[in-house]
Amino acid sequence: LRVQPLLGHVFVASNQEPGQDQVVVLSYQLWQQSFGGNPNVVGQTVRLGGRPYRVLGVMPQGFAFPDRTATFWRPTIMKPHPKVQFNFPGIYMLARLKPGSGIEAVRQELRQVAAFVKRKFPPPPGVEPVGFRAHAEPYHRLLVGNNHSRLLLLEGAVLLVLLITCVNVANLLLARVLGRAHEIAMRGALGATRPILARQLLVEGLCLAVPGGIVGVGFGWASLALLKHSSLVGGHSIFTISPDWRVGIFALVVVALTGIVVSVLPIWHLTRTDLQTLLQSGGRTATRGSGARRARGLLAISEVALATALLAGSGLLLHSFVNVVGIDRGFDADNVLTAGLLISPNDHPGDEALANLYAEIVQRARALPGVRYAGIADSLPFAQQFWQSRVSIPGSAVSRIRRGEQVVVTHVGRSYFKALGIPIVKGRGFEPQDNTRSRVVGVIDTRLAKAWFNGRDPIGQKVHTSFDVDFTIVGVAQSVTSKRIGAKDPYKAIYLSARQFPSRTMHLVLKTTLPAGQLVPALKRAIHQVDPAAAVFDTQTIRQQLSDTLSGRRTVMLSLLTFGGIALVLAVVGVYGVLSYAVGQRVTEWGVRLALGALPEDLLWLIIKDGLKLLGSGLVIGLGLAVIFGFVLSSRLFGIAPYDPVTLAGTVVVLAAITLIACYLPARQAAKLEPAIAMTEQ
C-alpha cells in the first residue's frame, strides 16, 4: 500500500514463521488512546487475547485497512485446515501490479492457478468437488463497493436540481431582460452594439451565480460534519472526508458555467429582437410578444417535468424502504442484545473444552437479572460475513442444479431459537445430548425444506456438506430474513449445533427485559469471570444491526427526498413567477375585460387555466422521465415496480396541489383589480 509507519517498522518475512509471529503493529488511534502517544512504545510488550506481543511500529493517522474498525495488525501464518473441504467465505490477497501489467493478465494467471489446484488436489472419493475459484479486481473498486452506485445516484439527483435551478434563474433573467426592453433599445440607439449588450447580460448572470456559488461552497463544507456520520462514510469506511480546495475550485467553475448557461436564453432573445421596433413600442413588443410568453412557458414546463421525475424517484425509494422495513423477518427483534466473543487460540484447547466454556458463559449470562433466554451463534442475522456450503442429499433425486446450490450454514446453541423467537415448525431444535460425542444433527429452514423436499418429511434425512460433514435433519425452523435484507433471492439456511462445532469467535444472543445499556456492564463482568482473557466486542441490539443494515438505503432515500423537495419548491416558484409576470404584463387587458362585464371569477379561472396548461404539459413529460428514472433505480427497489402507479399518482397529486396554490395567488391578484385603475396601466 506504500504507507510508511509513523514509528518503528512493519512486518518482515520472518514474522510469518511459527514462533516469530508474536509481534503487532498499532493503529494511530490505539496508540493515542491506550498508550497516550508514547514515542517509546516500539519494543514494548502488550497482551492481546492473553498472549504477549512485541510492538513493531505505529501506523500514521488516517491509515485504515481493511477499514476504520481495525486498531492493530498481526502477521498471518497460513496453516493447512483440518477440514480441507470447508468452503471459506474468502481469503483476500493484495498485489501491486508491475508497470505495464493489466488486470486481465492477472485474471488469466489466476485461471491457470485454479486449473493447477484442481488437478493437484482432487477431492477424496465420495466427496463432491467444490472447486477452487479466484478473481482479481482493482482495489479501489473493492473500497468503493456499494457506495459507487449510491454516489452516482446522488450526483445525478444533484445535477437535476442544478438543472432546475438553471431553468428557474434563466426564466427570471428572461423576465428581467423583457422588463428592461426599452432601456436596452435606448442603449442600442445610443451606439451600444449587440455584442456589448450580450456581454452586459452575461456579466449580470455571473454576478448572480458566483456569489451564490461561494455561499453554496461554504454551506457544503459546513455540511461535511453531517456527512461524516452518514452511512456513506460511516465508521467502517476507509475514506476520510474533509474540505478539499480542488473540490471548491471545481464547484466554483461549475457555478461560473451555470452563470453563462442561464444567460444564454436572454442573450438569444436579445439577438432575435429588432431594437428599433422595441424603441418605437416602448418595450411592449418584447414583453407581450407570443415568443417571449412561449419561451417562459417552456421553461416552466421543463421545471415541472424535472421535478416530477425527481419526486417520483424519491417516492419509489421511500415506498421500497417501507416494504423492506415491513417485511416479515421471521424472528422477534425486540429487546434482543448481542455481544461478540473472541477466545484466545492458546486457551481452552480442543472442541470439548471450548464447548464447555461457551456453555458456562451462556449459563452465567442467563442468570443475569432481566435475561429471559441466552443463546449463542457464530453468525447473526444481517451479518456481512458468514459461512456458505454446497449441500447434497445422498441417494436423493435432487437435480444437479440443486446439489450445487449454496446455502448459509450457522452454528447455534440450543437456546438461540428461543432468544430470537424463531419457531421450530417441525421436529425439534438442539438438545443437551447433541454434543461432540454424539451424531451430528442439524436444523434446516422452511425455505430449504420447501425447495428440496417439496412436501415430503425432511426429518431423519441425511445431508452432505462441502466441508466434509454429514448431518441428520432433526428439525425445521421458520425461515428468517438473514444476510441480505431486502434481497430478491434470499438465502436458504442450515443450522448446526455450536456445541458440536464450536468456534473461537461466537456471538451471545440475549432476550432481555431491561434496556441494553443497563445490561452490558454486568454481561462483560460475567464473561470475564469465566474467561478473563476473552475479548468482548460489538455489544449492540438486533434493532441497531437492522438499522445499520438499512443505513445505505435510508441515506439515499432521505437524500433524494431532500433533493425532490428542493426541486418541488423551485418548480412551484418557477410556475408562480411565470404566471405572476404574465398577470403583471396583462393588467390593461384585465381592466378592459372587467369594464366589458367580465366577472372576477372569470379572470381567476382564465389565469388558473393557463397554469393548468403548464402543469399538465410538465406532468406528461415528467411522468415519462419518471418511468425511465424508475428503471435506473430498479436495482435498489424491493417489492415495487419501477412504474408503480401508486407512487406516480401520489407524485402527481402532491405536485398538482402545490402548483395550483402557486397558480391561485397571481390569479387572485388579477381578480381584485379595479377596472379604472387597471386600464390606465401601461
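Worth a mention:
- Yes/no for Tyr373 being modelled with pLDDT of 85 or more and touching a Leu at 6+ places or on another chain (Cβ under 8 Å): yes
- Taking the criterion of being at pLDDT 80 or above, of a type outside the set (Ser, Thr, Tyr), more than 20 Å from Ala567 (Cα to Cα) and within 24 Å of the chain's Cα centre (by Cα), the residues of segment 624-645 that qualify are Phe631, Ile640, Ala641, Pro642, Asp644.
- Answer residue from segment 174-211, given it is under 38 Å from the mean Cα position of the chain (by Cα) and either acidic (Asp, Glu) or within 17 Å of Gly577 (Cβ to Cβ) (or both) and is surrounded by the fewest Cβ atoms within 10 Å (Cβ to Cβ) among those: Leu208
- The one condition in (1) over 30 Å from Ser242 (Cα atoms); (2) polar (S, T, N, Q); (3) modelled with pLDDT of 80 or more; (4) surrounded by 15 or more Cβ atoms within 10 Å (Cβ to Cβ) that Gln20 fails to fulfil: (4)
- Residue match in segment 542-558 (condition: at pLDDT 80 or above and within 30 Å of Leu615 (Cβ to Cβ)): yes
- Residues in segment 122-152 that are at pLDDT 70 or above and more than 41 Å from the chain's Cα centre (by Cα): Pro122 alone.
- Here Phe250 does not fit the description of being at pLDDT 70 or above, open to solvent by 70 Å² or more (accessible area, probe 1.4 Å) and under 24 Å from the mean Cα position of the chain (by Cα).
- Within segment 628-653, being surrounded by fewer than 16 Cβ atoms within 10 Å (Cβ to Cβ) and not aromatic (Phe, Trp, Tyr) holds for Ile628, Val632, Ser634, Ser635, Gly639, Ala641, Pro645, Val646, Ala649, Val653.
- Among all positions in segment 577-595, there is no residue which is outside any loop (DSSP other than H, G, I, E, B), of a type in the set (Phe, Trp, Tyr), open to solvent by 30 Å² or more (accessible area, probe 1.4 Å) and modelled with pLDDT of 75 or more.
- Phe638 vs. criteria among the aromatic types (Phe, Trp, Tyr), in contact with a Leu (Cβ under 8 Å, 6 or more places away or on another chain) and within 21 Å of Leu318 (Cβ to Cβ): no
- Verdict on Pro75 being at pLDDT 80 or above and of a type outside the set (Gly, Ala, Ser): yes
- Taking the conditions (1) open to solvent by 70 Å² or more (accessible area, probe 1.4 Å); (2) out of contact with any His (no Cβ under 9 Å at 6 or more places or on another chain) in turn, Arg68 satisfies each one other than (2).
- Selection count, segment 540-571, where residues are out of contact with any Leu (no Cβ under 7 Å at 6 or more places or on another chain) and of a type outside the set (A, V, I, L, M): 12
- Gln44 being open to solvent by 60 Å² or more (accessible area, probe 1.4 Å), within 25 Å of Leu143 (Cα to Cα) and without any contact (Cβ under 8 Å) to a residue 60 or more places away in the chain: no
- Residue count, segment 421-461 (criterion: part of a helix (DSSP H, G or I), open to solvent by less than 30 Å² (accessible area, probe 1.4 Å) and either among the small types (Gly, Ala, Ser) or at pLDDT 90 or above (or both)): 1
- Enumeration of residues in segment 301-330 that are at pLDDT below 80, part of a helix (DSSP H, G or I) and open to solvent by less than 30 Å² (accessible area, probe 1.4 Å): Val324
- When segment 16-28 is filtered for residues that are farther than 15 Å from Gly43 by Cα and over 39 Å from the mean Cα position of the chain (by Cα), the ones remaining, listed by number, are Glu17, Pro18, Gly19.
- The residues of segment 429-462 that are closer than 14 Å to Ile494 by Cβ and touching an Asp or Glu at 6+ places or on another chain (Cβ under 7 Å), listed by number, are Val440, Val441, Lys462.
- When Gly90 is tested against the conditions (1) open to solvent by less than 50 Å² (accessible area, probe 1.4 Å); (2) at pLDDT 85 or above, the lone failure is (2).
- Residues that are buried (at least 18 other Cβ atoms within 10 Å of the Cβ), hydroxyl-bearing (Ser, Thr, Tyr) and either assigned to a helix (DSSP H, G or I) or free of Cβ contacts under 8 Å to residues at least 12 places away in the same chain (or both), drawn from segment 524-554: Thr549
- Residue match in segment 3-12 (condition: assigned to a loop (DSSP other than H, G, I, E, B), in contact with a helix residue (DSSP H, G or I) (Cβ under 9 Å, 6 or more places away or on another chain) and open to solvent by 40 Å² or more (accessible area, probe 1.4 Å)): yes
- Single unsatisfied condition, Gly283 versus (1) open to solvent by less than 10 Å² (accessible area, probe 1.4 Å); (2) modelled with pLDDT of 70 or more; (3) of a type in the set (Gly, Ala, Ser); (4) more than 30 Å from Gln544 (Cα to Cα): (2)
The values are calculated or read from the model by the stated rules, or taken from the named source; none is laboratory data. The model shown is predicted, which means the values in this text are computed figures rather than measured ones. Virtual Cβ from ideal backbone geometry, glycine too; neighbours counted across all protein chains shown. Accessible surface areas use protein heavy atoms only, side chains included; no ligands, DNA or RNA. Shrake-Rupley method; radii C 1.70, N 1.55, O 1.52, S 1.80 Å.
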